[in-house]
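Peer 1: Mind looking over this structure? Questions follow.
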Amino acid sequence: MIPPADERGAAAGERDGMAGERDGIAGERIVRFDVWASAVFGAVSVAAAVLPDPLAFVAVPLAVALFLLGSAAFLWAYAVAIGRSRYEVVTMGGVFFLGGEVAPARVARTLRWALAAQVVVAVAVASARPFTALAATVLVPVLGLGLMALWGARHGRFPARTPSP
């Protein structure tokens, strides 16, 4: 029998991937933010590809902001993964791509689809408007990669490291 989270302590809850989550799936806010950011990016970028003169002034700063958020998430994920690697066998494929049994299937599928949508929209918009400021949309998939890495680093399940003799 597994004792309740308050008896196991915060560290045990963090190792189980349930840090701060009582209801629903751990890291649900990360997943929701990625989906919403992908949807907003898609709508704004496609509209800017159709009407570049008035909307490029919205699409380009949005693309740069999402790139910067993704870069920050990547760095945060890397720092968290380094900390967890002392006690768990953390893999690069598990953290950065949610490979294996690291994440529930729904989480991995949702984050991968959001990344795929970002890549498709970015390539389509940059192809439709090459040599313009809208080519900056190719930076946005860093957001999907960074949020996937952040989810894996904070909430992924990795086996415990066995002590060396």
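Peer 1: Can you tell me which residue in segment 56-67 is surrounded by the most Cβ atoms within 10 Å (Cβ to Cβ), limited to those that are over 14 Å from SER38 (Cα atoms) and touching a Leu at 6+ places or on another chain (Cβ under 9 Å)?
Peer 2: VAL60
Peer 1: Looking at segment 130-150, I want the residues that are farther than 13 Å from PHE41 by Cα and aromatic (Phe, Trp, Tyr) and have a partner that is at pLDDT below 95 and buried (at least 20 other Cβ atoms within 10 Å of the Cβ) with Cβ atoms under 7 Å, at least 6 apart or on another chain. Which pairs are those?
Peer 2: Taking only residues 6 or more apart or on different chains, not a single pair turns up.
Peer 1: Please find, among ALA114, ALA47, ALA105, the residue that is of a type in the set (A, V, I, L, M) and within 12 Å of the chain's Cα centre (by Cα).
Peer 2: From the options ALA114, ALA47, ALA105, the qualifying one is ALA114.
Rundown of residues vs (1) under 30 Å from ARG161 (Cα atoms); (2) small (Gly, Ala, Ser), yes/no style:
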| site | (1), (2) |
| --- | --- |
| VAL80 | yes, no |
| ALA105 | yes, yes |
| THR110 | yes, no |
| VAL120 | no, no |
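Peer 1: So, one more: Restricting attention to segment 82-98, report how many residues are of a type in the set (A, V, I, L, M) and buried (at least 19 other Cβ atoms within 10 Å of the Cβ).
Peer 2: 3
Peer 1: For segment 23-48, enumerate the residues that are outside any helix (DSSP H, G or I) and either among the basic types (Lys, Arg) or in contact (Cβ under 8 Å) with a residue 12 or more places away in the chain (or both).
Peer 2: Answer for segment 23-48, where residues must be outside any helix (DSSP H, G or I) and either among the basic types (Lys, Arg) or in contact (Cβ under 8 Å) with a residue 12 or more places away in the chain (or both): ILE25, ALA26, GLY27.
Peer 1: Going by the structure shown, is GLY20 among the small types (Gly, Ala, Ser), assigned to a loop (DSSP other than H, G, I, E, B), more than 19 Å from PRO130 (Cα to Cα) and at pLDDT below 95?
Peer 2: yes
Peer 1: In addition: Considering ALA43, ALA10, ALA39, ALA47, which residue is of a type outside the set (Val, Ile, Thr), farther than 24 Å from ALA72 by Cβ, surrounded by fewer than 16 Cβ atoms within 10 Å (Cβ to Cβ) and modelled with pLDDT of 95 or more?
Peer 2: Testing whether each residue is of a type outside the set (Val, Ile, Thr), farther than 24 Å from ALA72 by Cβ, surrounded by fewer than 16 Cβ atoms within 10 Å (Cβ to Cβ) and modelled with pLDDT of 95 or more leaves just ALA47.
Peer 1: Can you name the condition, by its number, that ALA72 falls short on among (1) crowded, with 17+ Cβ neighbours inside 10 Å; (2) touching a Gly at 6+ places or on another chain (Cβ under 9 Å)?
Peer 2: The single condition ALA72 does not satisfy is (1).
Residue by residue, here is whether (1) surrounded by 18 or more Cβ atoms within 10 Å (Cβ to Cβ); (2) modelled with pLDDT of 95 or more; (3) under 17 Å from the mean Cα position of the chain (by Cα) holds:
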residue	(1), (2), (3)
PRO54	no, no, no
VAL80	yes, yes, yes
GLY100	no, no, yes
VAL119	no, yes, yes
GLY144	yes, yes, yes
HIS155	yes, yes, yes
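Peer 1: Within the set of pairs 6+ apart or on separate chains, which have a first residue in segment 79-108 that is without any contact (Cβ under 8 Å) to a residue 60 or more places away in the chain and on the phi > 0 side of the Ramachandran plot, a second that is among the small types (Gly, Ala, Ser) and in a helix (DSSP H, G or I), and C-beta atoms under 7 Å apart?
Peer 2: Partner pairs satisfying both residue conditions: LEU98/ALA108; LEU98/GLY152; GLY100/GLY94.
The values are calculated or read from the model by the stated rules, or taken from the named source; none is laboratory data. Quick caveat, the model's predicted, so the values are computed rather than measured. Here Cβ is always computed from backbone atoms with ideal geometry, including for glycine, and neighbour counts include all displayed protein chains.
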